[in-house]
1. Any residue in the stretch 11-32 that's among the charged types (D, E, K, R): show its pairings with residues that are surrounded by fewer than 20 Cβ atoms within 10 Å (Cβ to Cβ) at Cβ separation under 7 Å, as long as the two are six or more apart or on different chains.
2. Considering only residues that are assigned to a loop (DSSP other than H, G, I, E, B), in contact with a Phe, Trp or Tyr (Cβ under 8 Å, 6 or more places away or on another chain) and either open to solvent by less than 60 Å² (accessible area, probe 1.4 Å) or of a type in the set (Ser, Thr, Tyr) (or both), which ones fall in the stretch 103-157?
3. Taking the stretch 40-64, which residues are open to solvent by less than 40 Å² (accessible area, probe 1.4 Å), modelled with pLDDT of 95 or more and among the hydroxyl-bearing types (Ser, Thr, Tyr)?
4. Only one residue in Ala113, Ala151 is on the phi < 0 side of the Ramachandran plot, within 15 Å of the ligand (Cβ to nearest atom) and within 16 Å of the chain's Cα centre (by Cα), so which one is that?
5. Mind checking which helices (runs of 4 or more DSSP H) fall wholly inside the stretch 1-95 and carry at least 3 residues that are more than 13 Å from Leu110 (Cβ to Cβ) and away from the ligand (no atom under 11 Å from the Cβ)?
Amino acid sequence: METGIDINDFKKAVGSFVTGITVVSATSKFGPVGFTCQSFTSLSLSPPMILISVAKTSRTYSTISQCKRFCVNILDVDGEPIARDFAEVEPEIRFVKHPWKMNSGGNPVLAAALAWLDCDLSETIDVEDHLIILGRVLTLGCSEGSEAPLAYFRGSFGGFKKLSR
Ligand SMILES: Cc1cc2nc3c(=O)[nH]c(=O)nc-3n(C[C@H](O)[C@H](O)[C@H](O)COP(=O)(O)O)c2cc1C
């Protein structure tokens, strides 16, 4: 449906909402796959559920839909090169450039992840040019080191500054 809203105005408006950045990973028969994903949200506490929104063009989604399991890696402030590579370079070399290990759910976890959540694909909702993926969290981990997340605002990467205690 034509709304008359300019796509760049839309991107600037929604890009004013600061988010963290994740890499959503899964395991294909050829090895680990993953892509940079901003649209991650906590959905339900009991049971713990999350959602991501994936473009229908995503190659990683076809793996997720086949194996029905995926992992959300939340990046720390040093993760900008990871975020760029997992959006821009060929899928086959994304995990070659950045250290990772397999978690107990059989999905790749980036060594630089601030936290990770391994999920079962619970539901896929078809909305225009994207798919909303609901994930039931089965296992997770949090880094004991860094407490500094990577942030994204109006097309630029940045950090997070605490204002109070
Ligand atoms: C900062 C940033 C955030 C992104 N967030 C999303 C997102 O939420 N959903 C999505 O489908 N693609 C998102 N992308 C684009 C994908 O990372 C990119 O299209 C990637 O090449 C898809 O890889 P794939 O085809 O291997 O799945 C984002 C890219 C960047 C740089």
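The values are calculated or read from the model by the stated rules, or taken from the named source; none is laboratory data. Note that the coordinates shown come from a computational prediction; the quantities given were computed from them, not determined experimentally. Positions of Cβ are backbone-derived with ideal geometry, glycine not excepted, and every protein chain shown enters the neighbour counts. The accessibility values were calculated without ligands, DNA or RNA, using every heavy atom of the protein model including side chains. Shrake-Rupley method; radii C 1.70, N 1.55, O 1.52, S 1.80 Å.
1. Qualifying pairs under 7 Å: Lys12/Arg154.
2. Correct list: Asn103, Asn107, Ala148, Leu150.
3. Ser44, Ser53, Ser58
4. Checking each option against the conditions leaves just Ala151.
5. 7-14, 59-67
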